[in-house]
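Right, one structure below, let's go through it.
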Protein chains: 4
Amino acid sequence: MERAYRLVISCPDQVGIVAAVSDFIASHQGWITEAHHYSDPDSQWFFMRYVVRASSLPFGEQGFRERFNPIAERYAMRWSLTDTGSNKRVVLMASKQAHCLSDLLYRWRSGELKFDIPCVLSNHDELRDYVEWHGIPYHHLPVNKDDKAPHFAAVSQAIADAGADAVVLARYMQILPPDLCQRYPSSIINIHHSFLPSFVGAKPYHQASARGVKLIGATCHYVTSDLDAGPIIEQDVVRVNHHNRVEDMVSLGKDVEKTVLARGLRYHLEDRVMVHGNKTIVFA
Amino acid sequence: MERAYRLVISCPDQVGIVAAVSDFIASHQGWITEAHHYSDPDSQWFFMRYVVRASSLPFGEQGFRERFNPIAERYAMRWSLTDTGSNKRVVLMASKQAHCLSDLLYRWRSGELKFDIPCVLSNHDELRDYVEWHGIPYHHLPVNKDDKAPHFAAVSQAIADAGADAVVLARYMQILPPDLCQRYPSSIINIHHSFLPSFVGAKPYHQASARGVKLIGATCHYVTSDLDAGPIIEQDVVRVNHHNRVEDMVSLGKDVEKTVLARGLRYHLEDRVMVHGNKTIVFA
Amino acid sequence: MERAYRLVISCPDQVGIVAAVSDFIASHQGWITEAHHYSDPDSQWFFMRYVVRASSLPFGEQGFRERFNPIAERYAMRWSLTDTGSNKRVVLMASKQAHCLSDLLYRWRSGELKFDIPCVLSNHDELRDYVEWHGIPYHHLPVNKDDKAPHFAAVSQAIADAGADAVVLARYMQILPPDLCQRYPSSIINIHHSFLPSFVGAKPYHQASARGVKLIGATCHYVTSDLDAGPIIEQDVVRVNHHNRVEDMVSLGKDVEKTVLARGLRYHLEDRVMVHGNKTIVFA
Amino acid sequence: MERAYRLVISCPDQVGIVAAVSDFIASHQGWITEAHHYSDPDSQWFFMRYVVRASSLPFGEQGFRERFNPIAERYAMRWSLTDTGSNKRVVLMASKQAHCLSDLLYRWRSGELKFDIPCVLSNHDELRDYVEWHGIPYHHLPVNKDDKAPHFAAVSQAIADAGADAVVLARYMQILPPDLCQRYPSSIINIHHSFLPSFVGAKPYHQASARGVKLIGATCHYVTSDLDAGPIIEQDVVRVNHHNRVEDMVSLGKDVEKTVLARGLRYHLEDRVMVHGNKTIVFA
């Protein structure tokens, strides 16, 4: 894949935004390879994502920023520019269950997903060998049930030390404290093992089994201080029937969790997700 | 399809049930064309459904019942025997929206689903022409918002007069009173336009849109006096994205509602659904 | 829904197309409510679809065309402009099976799909009553097995007389002659009852059953003179198992056929489908 | 999970089979925890699978076999009895692509799938480190393009040496010679990266892209000497659109391949798959 810039914009909707942006790109002979727009009719807010070949432009990232800034100001844009040549740094957090972590590590080492993993954090030591085999540092940060503050302080420090752009909770079973959630808005990605908003909280497969649903699911969402209620990035489901006990649901659900988390993370890594209120626009 | 008997049984699990039932059938040269069993490990309760060719047996329905009764008593069975040659009588109830009703009427007139429709009940008069074109009586039973009791009395009377085996709420938008629900246990089938238990109650597509889910669904369930909480028979979902406004969800959802209701009703008509607590075993 | 213009464009890809088009719209204060782009990297061909609020523009359809024409010529565009206020005229063709036809007629009469039906053509007379109940003319055009030419001449004439923009083969079981296919490129829509390219030709459910597949499907595609090989608009599948005989597959498949055809037709009616070689771009 | 016996039977259908088998189990106080039957109406062939708690029976595997044999002979049964306490030995074969192999190894080491892996065979050396990290022997058996016979002789020998019950081709890219296929009927499991029978043979994603399909899939099937035409165990699909190039299809398809292969292998390991002609009965 050729190096490119991803230009992601949101702003109040008005006539002329697309013209202004595409004029700017065209006037510099920029070659647009992907273009997505969305205009939210309720909030009158506008969203766009352009991918422009780096080699088609006569300037680099800094030059792009400087020249684009006046347009951004004219339309009161929130915007970001990303160089596809540099990877996002993503801290992975897990507990004892390895299915999501294993799956992400495979996608990372095979190059299927392009990102850097400065470290893996866990409140248990079980997954150390497997992570270290990949040459990735593993930090075991135990939790004291009666006082979780030291654990979260250590987590917070480790994330900061890692210079992380994003954090993935790959079936990390602790609830992050509000201040940590707020420090990384739209940057902490969780996989919840139910089709939210069904079965918020603990043991969703037990809840699903008790309710007798015919499909179970998983939800990839950004973490906010409101438990399991952050903006949803991706969801999927799988069929179950009366033969499937809770253990079977856990097993069937793992496949959905892995796939949904991987899709959600890919969207995030490629700057395809834009948060608007408590919802997401995903330019998939 | 050749005439057959459907024998449906539930009882406390113990050694020898299958042997006793299959011995009975075999001793009379009965030809089993379908056989399903399920043994619930938590409640230690057993469920089975056999389909036996009528022509292979030396006795009719009455003879079957008499001869089988001692076995049923020995194992404390709840059981039913159905002759596939006689149709269930199903009262359809609707409001103004016709998608589910139209779909069921098509399946009825094409013979895809085999059942009798003694009448259609509605709190509005809009669908009269279409229903009557099919030669089916249409009863318009208006609702007085301030006093719904007369409406439900009329509904109740109409169901009784129709000699109904089952009632289908094909997007009938009123909540049935508890006593009516209790009079027809596991016999009133509703289609709810969400993936329950998400979005119980009114305007589920509005709720879904507000929450920003990536899949919307529909749920076919038996009605109990607990709103939208009865045993689930069938569910399905369809993908939505940020482009889809509430109106689009309503439109996309209709296709899921129709399909899920039709599947659920078919299971019911073919005696494939067994209620166990608040869950169903569906021998699909 | 407010009246709008749909501007659909394809042309060789080059720098500046989006800028030119969006400049044009913006310079006339046009309010873009939907925008889709696609740049095909292999063929270097570019596709776009804009929806612009009619009330935001100072000119009507004719004025739009005249003013836009120079831009279209500069970029060698193939383009169309559609006023959402006027419906496409779609001739429906069916045989004896009514599931797809019934479904489309419901969507038409409920306003779920917005189009005009000048007439229904069929090689059988079975569906006359149902169609005529809707107030739609029904033409029975019988087929002589030994000489089908007169039938197709009559079909051809009826389509021409109807001033049709599109034709839907709603399980019409005859193969259209090549010259008729070629007269209406990307305008004759067929629903094939298999997941193409599996099971081309006659009796696909029998073929599926013989092969023992675990999913069956349906395909909505434009008709070309190459049987079942035209550009695919939409597909979907449903799970089957060893219990499902050919008859069950036929029944399960009908639900997929209806849904897939309705989706494909909606995309076509809303000018969301662009044909490129033997493939489609669907701006869904 | 408690130890149990799986009794799997197929025989010509006739009255009394279920009675005979269930009588036998009941007469020894056997506790049936799962029971599946299927009677194929076309071939008049009967299939059943019982799971019986080992602790409920007064005899072991050998005793079971001896006592059951007369019944098996009376009904001309093909039958097998498996003790869930002993694992099947499954040789995994791969090439360079690791997604399926990695996924299976995860399921193996986490205990999600219960089987033994005597060795991994590959025509390349790339995956050695990863496999050996698991403590599993890795045999690199290179292929000489001009004379593949020595490779297949080595493969054949390695499978025999491993005492394998089954072989999984986890994206092993060579076509096995007919004599090897025939030596292990219904025991060599392949994952084909298309929704068969679409896109048989090489480069199915390229074929899918060229045809412009809207769903791509994967098929898990038993290998026969007829390429990609063996009995299908499991299939699934994922949606694609015009944005997805061949590379994207490869990437999206991998997730389907992994899931479909894992499901198919699980069915095989649990003796849920019965081959009948070129089709499977899967008691899922």
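The values are calculated or read from the model by the stated rules, or taken from the named source; none is laboratory data. If you're wondering where the values come from, they're calculated on a predicted model, not measured in any experiment. We place every Cβ from the backbone using ideal geometry, glycine too, and count neighbours over all the protein chains shown. For accessibility, only protein heavy atoms count, side chains too; no ligands or nucleic acids. Shrake-Rupley method; radii C 1.70, N 1.55, O 1.52, S 1.80 Å.
So how many residues does region C:10-66 have that are out of contact with any Cys (no Cβ under 7 Å at 6 or more places or on another chain) and either farther than 25 Å from A:Leu57 by Cα or of a type in the set (Phe, Trp, Tyr) (or both)?
Going through region C:10-66 one residue at a time, the tally reaches 31.
So D:Gly253 ticks every box in (1) in contact with a His (Cβ under 9 Å, 6 or more places away or on another chain); (2) within 11 Å of chain C (Cβ to nearest Cβ); (3) modelled with pLDDT of 95 or more but one. Which box is left unticked?
(2)
Counting only residues that are outside any strand (DSSP E or B) and within 11 Å of another protein chain (Cβ to nearest Cβ), how many does region D:37-51 have? Even if it seems obvious, please write down each step before you answer.
Filtering region D:37-51 down to residues outside any strand (DSSP E or B) leaves D:41-44.
Cutting the leftovers down to within 11 Å of another protein chain (Cβ to nearest Cβ) gives us D:41-42, D:44.
Selection size over region D:37-51: 3.
Looking at B:Ala76, B:Ala26, B:Ala19, B:Ala35, can you tell me which residue is touching an Asp or Glu at 6+ places or on another chain (Cβ under 8 Å) and of a type in the set (Gly, Ala, Ser)?
Numbers: B:Ala76 fails: touching an Asp or Glu at 6+ places or on another chain (Cβ under 8 Å); B:Ala26 fails: touching an Asp or Glu at 6+ places or on another chain (Cβ under 8 Å); B:Ala35 fails: touching an Asp or Glu at 6+ places or on another chain (Cβ under 8 Å).
Result of the check over B:Ala76, B:Ala26, B:Ala19, B:Ala35: B:Ala19.
Take region B:239-274 and flag every residue that is part of a strand (DSSP E or B) and surrounded by fewer than 19 Cβ atoms within 10 Å (Cβ to Cβ).
From region B:239-274, those part of a strand (DSSP E or B) are B:239, B:273-274; that's our starting set.
Once the filter is applied, which keeps residues that are part of a strand (DSSP E or B) and surrounded by fewer than 19 Cβ atoms within 10 Å (Cβ to Cβ), region B:239-274 yields only B:Arg239.
Can you say whether C:Ser209 is within 25 Å of D:Ile233 (Cα to Cα) and open to solvent by less than 10 Å² (accessible area, probe 1.4 Å), as far as the supplied structure shows? Walk me through it before giving the result.
Values: within 25 Å of D:Ile233 (Cα to Cα): yes; open to solvent by less than 10 Å² (accessible area, probe 1.4 Å): no.
Spelling it out, it is not the case that C:Ser209 is within 25 Å of D:Ile233 (Cα to Cα) and open to solvent by less than 10 Å² (accessible area, probe 1.4 Å).
Conditions tested, residue by residue: (1) more than 18 Å from D:Leu261 (Cβ to Cβ); (2) of a type in the set (Asp, Glu).
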| position | (1), (2) |
| --- | --- |
| D:Asp103 | no, yes |
| D:Tyr106 | no, no |
| D:Asp125 | yes, yes |
| D:Asp129 | yes, yes |
| D:Pro137 | yes, no |
| D:Asn144 | yes, no |
| D:Val155 | yes, no |
| D:Leu169 | no, no |
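Somewhere in region A:10-21, is a residue under 22 Å from the mean Cα position of the chain (by Cα) and modelled with pLDDT of 95 or more? Break it down stepwise before answering.
Within region A:10-21, the first condition is being under 22 Å from the mean Cα position of the chain (by Cα), and the residues that meet it are A:10-11.
Going one step further and asking which of them are modelled with pLDDT of 95 or more, we end up with A:10-11.
Yes, region A:10-21 contains a residue that is under 22 Å from the mean Cα position of the chain (by Cα) and modelled with pLDDT of 95 or more.
Applying the selection to region B:128-141, what residues are out of contact with any His (no Cβ under 9 Å at 6 or more places or on another chain) and either crowded, with 17+ Cβ neighbours inside 10 Å or more than 14 Å from chain C (Cβ to nearest Cβ) (or both)? Write out each step before concluding.
Narrowing region B:128-141 to residues out of contact with any His (no Cβ under 9 Å at 6 or more places or on another chain): B:129-139.
B:Tyr130, B:Val131, B:Ile136, B:Pro137, B:Tyr138, B:His139 - these are the residues of region B:128-141 that are out of contact with any His (no Cβ under 9 Å at 6 or more places or on another chain) and either crowded, with 17+ Cβ neighbours inside 10 Å or more than 14 Å from chain C (Cβ to nearest Cβ) (or both).
Name the residues in region D:142-176 that are under 29 Å from A:Tyr130 (Cα atoms), hydrophobic (A, V, I, L, M, F, W, C) and open to solvent by 30 Å² or more (accessible area, probe 1.4 Å), would you?
The answer is D:Met173, and nothing else.
Give me the pairs: first residue in region C:103-117 and more than 9 Å from every other protein chain (Cβ to nearest Cβ) and without any contact (Cβ under 8 Å) to a residue 60 or more places away in the chain, second residue of a type in the set (Phe, Trp, Tyr) and open to solvent by less than 40 Å² (accessible area, probe 1.4 Å), beta-carbon distance under 7 Å, and six or more apart or on different chains, which are they?
C:Trp108/C:Phe115
Out of all the residues in region D:44-53, is one or more surrounded by fewer than 19 Cβ atoms within 10 Å (Cβ to Cβ), in contact with a helix residue (DSSP H, G or I) (Cβ under 8 Å, 6 or more places away or on another chain) and under 24 Å from D:Val273 (Cβ atoms)?
Initially, region D:44-53 is screened for residues surrounded by fewer than 19 Cβ atoms within 10 Å (Cβ to Cβ), giving D:44-45, D:53.
In the following step, the residues that additionally are in contact with a helix residue (DSSP H, G or I) (Cβ under 8 Å, 6 or more places away or on another chain) were identified as none.
No, region D:44-53 contains no residue that is surrounded by fewer than 19 Cβ atoms within 10 Å (Cβ to Cβ), in contact with a helix residue (DSSP H, G or I) (Cβ under 8 Å, 6 or more places away or on another chain) and under 24 Å from D:Val273 (Cβ atoms).
Only one of (1) touching a helix residue (DSSP H, G or I) at 6+ places or on another chain (Cβ under 6 Å); (2) open to solvent by 50 Å² or more (accessible area, probe 1.4 Å); (3) under 23 Å from B:Asp116 (Cα atoms) is not met by B:Ser225, so which one is it?
(3)
In region C:76-125, which residues are within 19 Å of C:Val155 (Cβ to Cβ), assigned to a loop (DSSP other than H, G, I, E, B) and open to solvent by 50 Å² or more (accessible area, probe 1.4 Å)?
Residues satisfying the conditions are C:Lys96, C:Gln97, C:His124, C:Asp125.
Give me a count of the residues in region B:1-36 that are assigned to a strand (DSSP E or B) and either among the hydrophobic types (A, V, I, L, M, F, W, C) or open to solvent by 10 Å² or more (accessible area, probe 1.4 Å) (or both).
If we filter region B:1-36 for residues that are assigned to a strand (DSSP E or B), which is where we start, we get B:4-12, B:32-36.
Now restrict to residues that are either among the hydrophobic types (A, V, I, L, M, F, W, C) or open to solvent by 10 Å² or more (accessible area, probe 1.4 Å) (or both): B:4, B:6-12, B:32-36.
Number of matching residues: 13.
Scanning region D:186-204 for residues that are more than 14 Å from chain C (Cβ to nearest Cβ) and without any contact (Cβ under 8 Å) to a residue 60 or more places away in the chain, which turns out most open to solvent (accessible area, probe 1.4 Å)?
Taking region D:186-204 as the starting set, the residues that turn out to be more than 14 Å from chain C (Cβ to nearest Cβ) are D:187-190, D:193, D:202-203.
Cutting the leftovers down to without any contact (Cβ under 8 Å) to a residue 60 or more places away in the chain gives us D:187-188, D:190, D:202-203.
Numbers: D:Ser187: 22, D:Ile188: 1, D:Asn190: 20, D:Ala202: 80, D:Lys203: 131 Å².
Among those that are more than 14 Å from chain C (Cβ to nearest Cβ) and without any contact (Cβ under 8 Å) to a residue 60 or more places away in the chain, it is D:Lys203.
I'm checking my understanding of the structure. Among residues of region A:229-238 that are crowded, with 20+ Cβ neighbours inside 10 Å and closer than 21 Å to A:Met274 by Cβ, which one is farthest from the other protein chains (Cβ to nearest Cβ)?
In this case the residue turns out to be A:Gly230.
Against the condition under 24 Å from A:Gly30 (Cβ atoms), out of contact with any helix residue (DSSP H, G or I) (no Cβ under 8 Å at 6 or more places or on another chain) and either open to solvent by 10 Å² or more (accessible area, probe 1.4 Å) or free of Cβ contacts under 8 Å to residues at least 24 places away in the same chain (or both), how does C:Glu73 come out, does it pass? Even if it seems obvious, please write down each step before you answer.
Values: under 24 Å from A:Gly30 (Cβ atoms): yes; out of contact with any helix residue (DSSP H, G or I) (no Cβ under 8 Å at 6 or more places or on another chain): yes; either open to solvent by 10 Å² or more (accessible area, probe 1.4 Å) or free of Cβ contacts under 8 Å to residues at least 24 places away in the same chain (or both): yes.
Yes: the conditions hold for C:Glu73.
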